[in-house]
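Enquirer: If you scroll down you'll find the structure; I have some questions about it.
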Amino acid sequence: MPNIILDFETRSRMPIAAGAYNYASDASTDILCLGVICEGTGNEWLWYPSDGPLPYDLTAAIQAADLIKAHNATFDKLIWEFVGVDDYAFPELPANRWYCTSAQCRVNALPSSLDNATRAVGVKMRKDRRGAQLIKLLSIPNDDGTFNTDPSALKEMGDYCLQDCRATLDLSQSIRQMTPQEHADWLLTEDVNERGAKVDVELARLALDYAEDEKLAIAEALTEITGGAITKHTQAVRARNWVIEQCGGDDIAAGIVAELTVFKDGVKKLSMDKAIRSNLLLKAASGDLTIPDNVLDVIELIDQGSKSSVSKFQRMVELADPDDHRVRGAFVFAGAGQTQRFASRGLQMHNMRRDCWGAEEAIAIKQDMAENYELDNVMNTLSKLLRPTIIPDTGKVFVVGDWSAIEGRVLPWLTNDPDAEVVLDVFRSGEDIYMHTAAAMRIDDRFIGKVATLALGYQGAVGAFNVMAKAYGLALPEAQVIAIVKKWRNANQWAVNFWRECERAVIKAMRKPATYVPCGRCQFIFIEGLIGGTLIGVLPDGTMLQYPRAKLEYVETQWGGKHQVSYMKASLTPKADAKAWPRATLYGGIIAENLTQAVAGCLLRYSLRQLDDVVLHVHDEIVLEVPSDIADHSMTTLQTVMETEPDWAEGLPLKAEPVIMERYGK
DNA sequence: TGCGGCGGCGCC
DNA sequence: AAAGGGCGCCGCCGCA
């Protein structure tokens, strides 16, 4: 039977920032209206709670629908279950019929939000901007906790709700549908999100208190040293200006200004970020730069403050379910439009500081805090507590597996180049890839082999090497870096050839629409009828990477003319006055990178489909929460799943050695 | 006062 | 000819 589109408008005293799960399950949450459109017949319904029970024909249409589509369907599903079924006797709906049009946008490499997606696609039905005002008016309580119930505003809200349904319908029909596999993977993500991950709320609260005190202390110290010119460590502009001013006379100040100067997209800017601060401290210590002591103190304070984890602990407390302390809804299927990898929102699980305390240390620090002891190096200590604040339930442990050098393996495998087998053989034999790389470059330095391996695979050169090297505290003369890049490329011709193949493949695909063009183990095809012409990279498992509004252009450069492919890039947000969506240009290295990261994502999804009890994943890492007495068995299972390559990845060597953890860690 | 822009930071 | 890119969140900055 025909699909239906639906959209709820709601109100609640629970802030939406507490997450969709806490919001929907809160006692104060109520439905303002429900808009529904039948995708087949075009029939529309608008229901208010004051109308009484859902009309029979509406209930019938929803129950009979193959798919129930909604933009951010998680939200509508939760409202249906927690408010509709419980308070208004809505019928129960099977979970697997829900279909998220926001996820559908993302697999089409479009922005996630309805507003942005409709803008990007240019569909006729646009999201109604009056909505934001109405939400403020009707959905958010007044200061005294009461709600506005103005009938005319409520009627307007209904119009807005139906308008959103029409925009969603129009949008969903203007782009390709999710494949059954994508839909199944979205449902699987829903399961992981519903399971959630437990937070040690007690620890988070203690950490929060300590962090807030320390933040205040840092602010006071900054205010005193600078005489109020800087009052918080987060005031970047004020800090820069003060530092330059303090460095006095023009000559010295010019020296400082040079240190703070960076080029971003060719534009000269001043910055005093972590790397630059570190550089300033080093040069001051070595005498290369004269910096007054009070300035050094300020830089030190900003360093400390920047490790702050106040917000993240705050977010943990805010998002944790009040009953079971689990944070739900953290993962976004295909959140990264360009690679179809997962993203994480709310409590961002994908960027927690890796350098962290073990379970025992974390418990000891928790004890110290509970007894009001002072901590050493407070901010640093606290930020190292972030991961261990994620805990398994009583009687359970985490089983954590991560793939070893996943991108370093996928890239050579993906090329399908016989020359790349040498590299794959190194992985198969268990030898040290960094030693091998160094040897192939005829450089007797494992460290250079490592940085080169990590930095140069995607056509990066001197810049990429230096950025990576700096992260490891290595600085080499430019001439030497140029030589390293050259040697790495010579030793890894398969990579250089693949970049060129990628670039040629996309151009060829653009020239011959609807024709598959091979590219290593992938293919490219240009579909003219999809979103203003979409270039698709088809991965070995059938996953599609899309480049919407792709254009083949001939550009004149100072080195001569050339063809290149550009496309509309969802992750770039257009300026308020922008007429067209921002675009990006493809070149060999970036194509190779997109494909590689995407295939790593395919492997992750392939594994997740076979596993129960997944509570977390971070691109190359899977975390299970299992009863302690079956942990050993789960560890074996996880390793087998992660190391067994799918049918479509024959010859790809995979390595993972899971471990058991009492708290989340590195 | 509200809001978009942007710098900064963390991860893979 | 050369090119690192993929994310999300926080909070200040500066404009309307």
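The values are calculated or read from the model by the stated rules, or taken from the named source; none is laboratory data. Keep in mind that this is a model prediction, so the values were computed, not measured. In this analysis, Cβ positions are derived from the backbone assuming ideal geometry, glycine residues included, and neighbour counts consider all displayed protein chains.
Enquirer: Does region A:252-285 hold any residues that are of a type in the set (Ser, Thr, Tyr) and within 15 Å of A:Trp242 (Cα to Cα), and which are they?
Expert: A:Ser271
Enquirer: Quick check: is even one residue across region A:315-329 free of Cβ contacts under 8 Å to residues at least 40 places away in the same chain and either basic (Lys, Arg) or closer than 23 Å to A:Asp273 by Cβ (or both)?
Expert: Within region A:315-329 (the criterion being free of Cβ contacts under 8 Å to residues at least 40 places away in the same chain and either basic (Lys, Arg) or closer than 23 Å to A:Asp273 by Cβ (or both)), the answer is yes, since at least one residue qualifies.
Enquirer: Given A:Lys155, A:Lys215, A:Lys198, which one is within 14 Å of DNA strand C (Cβ to nearest atom) and basic (Lys, Arg)?
Expert: Of the residues listed, the single one that is within 14 Å of DNA strand C (Cβ to nearest atom) and basic (Lys, Arg) is A:Lys215.
Enquirer: So, one more: Given the condition more than 30 Å from A:Gly145 (Cα to Cα), more than 31 Å from the chain's Cα centre (by Cα) and either crowded, with 20+ Cβ neighbours inside 10 Å or hydrophobic (A, V, I, L, M, F, W, C) (or both), answer yes or no: does some residue in region A:22-30 qualify?
Expert: no
Enquirer: Can you spot a residue in region A:346-356 that is under 22 Å from A:Val623 (Cβ atoms), within 16 Å of DNA strand C (Cβ to nearest atom), of a type in the set (D, E, K, R) and crowded, with 21+ Cβ neighbours inside 10 Å?
Expert: No, that holds for no residue.
Enquirer: Give me a count of the residues in region A:638-666 that are touching a strand residue (DSSP E or B) at 6+ places or on another chain (Cβ under 6 Å) and of a type in the set (A, V, I, L, M, F, W, C).
Expert: Of the residues in that region, 6 qualify.
Enquirer: Let me confirm something: among A:Gly227, A:Gly255, which residue is of a type outside the set (Val, Ile, Thr) and either in contact with a Ser or Thr (Cβ under 6 Å, 6 or more places away or on another chain) or surrounded by fewer than 15 Cβ atoms within 10 Å (Cβ to Cβ) (or both)?
Expert: Answer to the check: A:Gly227.
For every residue, the table says whether it meets (1) basic (Lys, Arg); (2) away from DNA strand B (no atom under 16 Å from the Cβ); (3) over 26 Å from A:Ala17 (Cβ atoms); (4) assigned to a loop (DSSP other than H, G, I, E, B).
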position	(1), (2), (3), (4)
A:Gly42	no, yes, yes, yes
A:Ser50	no, yes, yes, no
A:Thr59	no, yes, yes, no
A:Val83	no, yes, no, no
A:Gln104	no, yes, no, no
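Enquirer: Name every residue in region A:574-590 that is more than 10 Å from DNA strand C (Cβ to nearest atom) and under 27 Å from A:Trp186 (Cα atoms), in order of residue number.
Expert: Within region A:574-590, A:Trp581 is the sole residue that qualifies.
Enquirer: Could you identify the single residue in A:Val423, A:Val400 that is β-branched (Val, Ile, Thr), assigned to a strand (DSSP E or B), crowded, with 16+ Cβ neighbours inside 10 Å and in contact (Cβ under 8 Å) with a residue 60 or more places away in the chain?
Expert: A:Val400
Enquirer: So, one more: From the list A:Ala204, A:Ala167, pick out the single residue that is of a type outside the set (Ser, Thr, Tyr) and not assigned by TED's automatic domain parsing to the domain that holds A:Ser50.
Expert: That would be A:Ala204, the only listed residue that is of a type outside the set (Ser, Thr, Tyr) and not assigned by TED's automatic domain parsing to the domain that holds A:Ser50.
Enquirer: Among the residues of region A:330-361, count how many are aliphatic (A, V, I, L, M), within 16 Å of DNA strand B (Cβ to nearest atom) and part of a helix (DSSP H, G or I).
Expert: Of the residues in that region, 1 qualify.
Enquirer: Further, regarding this structure: Which of (1) under 30 Å from A:Ala211 (Cβ atoms); (2) within 16 Å of DNA strand B (Cβ to nearest atom); (3) surrounded by 21 or more Cβ atoms within 10 Å (Cβ to Cβ) is the odd one out, the single condition A:Ala471 does not satisfy?
Expert: (3)
Enquirer: I need the full set of residues from region A:1-16 which are surrounded by 18 or more Cβ atoms within 10 Å (Cβ to Cβ) and not in a loop (DSSP other than H, G, I, E, B), in order please.
Expert: Those that are surrounded by 18 or more Cβ atoms within 10 Å (Cβ to Cβ) and not in a loop (DSSP other than H, G, I, E, B): A:Ile4, A:Ile5, A:Leu6, A:Asp7, A:Phe8, A:Glu9, A:Thr10, A:Arg11.
Enquirer: Can you pull out every residue in region A:300-324 that is buried (at least 20 other Cβ atoms within 10 Å of the Cβ) and over 21 Å from the mean Cα position of the chain (by Cα)?
Expert: Of everything in region A:300-324, those that are buried (at least 20 other Cβ atoms within 10 Å of the Cβ) and over 21 Å from the mean Cα position of the chain (by Cα) turn out to be A:Leu301, A:Ile302, A:Gly305.
Enquirer: If I ask for residues that are surrounded by fewer than 21 Cβ atoms within 10 Å (Cβ to Cβ), aliphatic (A, V, I, L, M) and without any contact (Cβ under 8 Å) to a residue 24 or more places away in the chain, which ones from region A:434-453 would you list?
Expert: A:Met435, A:Ala439
Okay, residues lined up against (1) crowded, with 17+ Cβ neighbours inside 10 Å; (2) at pLDDT below 95:
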residue	(1), (2)
A:Ala18	yes, yes
A:Leu32	yes, no
A:Val36	yes, no
A:Ser50	no, no
A:Asp76	yes, no
A:Val83	yes, no
A:Leu93	yes, no
A:Tyr99	yes, no
A:Ser113	no, yes
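Enquirer: Say we look at region A:426-448 and pick out the residues that are of a type in the set (Val, Ile, Thr) and not in a loop (DSSP other than H, G, I, E, B); which of these is farthest from DNA strand C (Cβ to nearest atom)?
Expert: Looking at the filtered set, the residue picked out is A:Val426.
Enquirer: I've got another one for you. Limited to region A:246-272, what total is found for residues that are within 16 Å of DNA strand B (Cβ to nearest atom) and more than 17 Å from A:Leu222 (Cβ to Cβ)?
Expert: Within region A:246-272, residues that are within 16 Å of DNA strand B (Cβ to nearest atom) and more than 17 Å from A:Leu222 (Cβ to Cβ) number 16.
Enquirer: Ok, one more. If A:Met635 meets every condition in (1) of a type outside the set (D, E, K, R); (2) buried (at least 20 other Cβ atoms within 10 Å of the Cβ); (3) within 16 Å of DNA strand C (Cβ to nearest atom) apart from one, which number is that one?
Expert: Failing condition for A:Met635: (3).
Enquirer: While we're looking at this one, here's another question. Would you kindly identify the helices (runs of 4 or more DSSP H) lying entirely within region A:107-214 that contain at least 3 residues that are among the hydroxyl-bearing types (Ser, Thr, Tyr)?
Expert: Answer list for region A:107-214: A:151-174.
Enquirer: Here's a follow-up. Please pick out the residue among A:Gly457, A:Gly449, A:Gly430 that is small (Gly, Ala, Ser) and touching a Leu at 6+ places or on another chain (Cβ under 6 Å).
Expert: Unique residue meeting the criteria: A:Gly457.
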